[in-house]
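So the structure is just underneath, and the comments pick up after that.
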Amino acid sequence: MKKMSIMFASLLMTTTAIVAQNNNGVVTPQIQVNGVGKVNVTPDKVVIRVGVENRAEEAADAKKANDKAIAAIIKYVKSMKIEDKDLQTQRVSLYKSRDYEEKKDYFSASQTLSITLTDVSKYEKLMIGLTESGVNRIDGVDFQSSKTAMYEAEARTLAVKEAKQKATDYASALGQKVGKAILVSDSSASTPIIVRPMYMMKAAAGDMNDQTLALGELEVVSNVSISFTLE
């Protein structure tokens with residue numbers, strides 16, 4: 001017990017010494033500000049998620065019909081000079097369900113594909129060919145940029161500039177000057193890229209010159225919090 005008391009007293013003296021050393025009576029004036037940087041980008045690639053679903057009384061028949069359609073779709077996609085790495089199977093399912101109106105069971109087979117289109121000018125032709133090849137479900141379209149990292153760096157620079165300007169404005173009003181940055185906190189990790197597209201899909205395959213896709217813009221956002229000294 002005596003040994004523990006000596007150790008505690010020693011720890012307390014060390015802690016007090018550290019606090020005294022840091023709290024020497026000199027207060028460093030500082031200011032903390034937030035900055036936001038935004039870069040609007042036109043997407044240069046599109047990720048299309050499509051699917052095929054077939055229903056039959058027998059599981060084998062449902063799967064056979066689905067496999068036939070998927071094979072035709074993959075063949076068509078490759079004919080559009082889309083690389084293998086830009087075509088991916090995402091989900092395959094086969095399940096039994098009951099139609100309560102007809103009072104009978106059936107099997108549903110489905111498969112989804114993700115297609116990354118790096119040449120958006122091919123979009124209209126691709127979508128028409130996909131539906132003609134057997135696609136009977138479109139699950140969504142994602143707009144992306146191949147230069148996201150570059151735009152994120154640009155957004156961070158803008159965020160820092162805004163934070164510095166805010167600090168300068170406050171310091172000027174106080175009759176002081178902004179010193180060095182003493183703490184930088186990046187809160188952009190949880191901020192996703194904001195997509196502002198206008199997506200339109202025509203009801204039937206008509207004139208391929210009709211535009212059915214409006215790319216809109218991506219908004220790359222960076223948020224930063226910086227503490228500066230004041231002089």
In region 92-118, which residues are over 15 Å from Ile73 (Cα atoms), of a type outside the set (A, V, I, L, M, F, W, C) and either touching a residue at least 12 places away in the same chain (Cβ under 8 Å) or assigned to a strand (DSSP E or B) (or both)? Ser93, Tyr95, Lys96, Ser97, Arg98, Asp99, Lys104, Asp105, Tyr106, Ser108, Thr118
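For Lys68, indicate whether it is within 20 Å of Val46 (Cβ to Cβ) and among the charged types (D, E, K, R).
Numbers: within 20 Å of Val46 (Cβ to Cβ): no; among the charged types (D, E, K, R): yes.
The answer is no for Lys68.
Read-outs throughout are calculated quantities, based only on the coordinates presented, and are distinct from any laboratory measurement. Bear in mind that the values here come from a model prediction, so they are computed numbers and not experimental data. Here the Cβ is made from the backbone with ideal geometry for all residues, glycine too, and neighbour counts use every protein chain on show.
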